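This report concerns only the one structure given below.
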Amino acid sequence: MKERCVDACQELLRWYEADGEAFLQRIITGDETWVHFYEPERKRQSMEWRHTSSPKPKKVQVQRSAGKVMLTFFWDYNGPILEHYMPRGSTVTSATYSNLLRENLKPAICQKWRGLLTTGVCLLHDSARPHTATATV
């Protein structure tokens with residue numbers, strides 16, 4: 001494993017030496033994280049009739065999370081490219097990750113940076129199982 005990492009790093013350095021700054025502009029990085037969300041109280045919900053001399057009602061503190069969802073985020077040299085929220089109850093597998101790359105990331109790259117796919121994209125992500133599976137590669 002260590003030998004493969006060294007080989008990959010040396011190859012990336014060769015590409016950088018050959019293309020310079022243009023190589024860095026072709027790198028797209030992606031990662032997943034859990035995002036917590038909550039349902040904020042609307043202004044109308046928080047309004048209540050009371051006498052001017054009566055004390056203000058005590059508000060219950062909003063809990064940190066009413067739920068969470070998996071966010072997959074891709075960015076490059078110039079900034080964000082795609083944010084994708086997984087449907088609730090689904091998991092990241094090699095099939096879902098491959099579909100995400102094909103059906104969401106590829107069109108997002110085409111829309112944001114025309115011609116980038118023809119010059120070649122270097123997708124940089126961690127070694128999570130869905131990222132390194134044969135179907136994904």
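Tabulated data for the structure shown
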read-out	value
Residue satisfying all of: in the stretch 80-97; modelled with pLDDT under 90 and either part of a helix (DSSP H, G or I) or within 19 Å of I27 (Cα to Cα) (or both); nearest to the chain's Cα centre (by Cα) among these	Y97
So T118, is it over 25 Å from W34 (Cβ atoms) and part of a loop (DSSP other than H, G, I, E, B)	no
Residues (modelled with pLDDT of 90 or more and either of a type in the set (K, R) or surrounded by fewer than 12 Cβ atoms within 10 Å (Cβ to Cβ) (or both)) located in the stretch 15-42	E17, A18
Contacts under 8 angstrom Cβ, first residue in the stretch 110-121 being within 13 Å of W75 (Cβ to Cβ), partner among the acidic types (D, E) and outside any helix (DSSP H, G or I), 6 or more apart	W113/D76
So L100, is it assigned to a helix (DSSP H, G or I), surrounded by 14 or more Cβ atoms within 10 Å (Cβ to Cβ) and not polar (S, T, N, Q)	yes
Filter pass, F73 being modelled with pLDDT of 85 or more and in contact with a helix residue (DSSP H, G or I) (Cβ under 8 Å, 6 or more places away or on another chain)	no
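The values are calculated or read from the model by the stated rules, or taken from the named source; none is laboratory data. Quantities reported herein were computed from a predicted structural model and do not represent experimental measurements. Neighbour counts run over all protein chains shown; Cβ positions are idealised from the backbone, glycine included.
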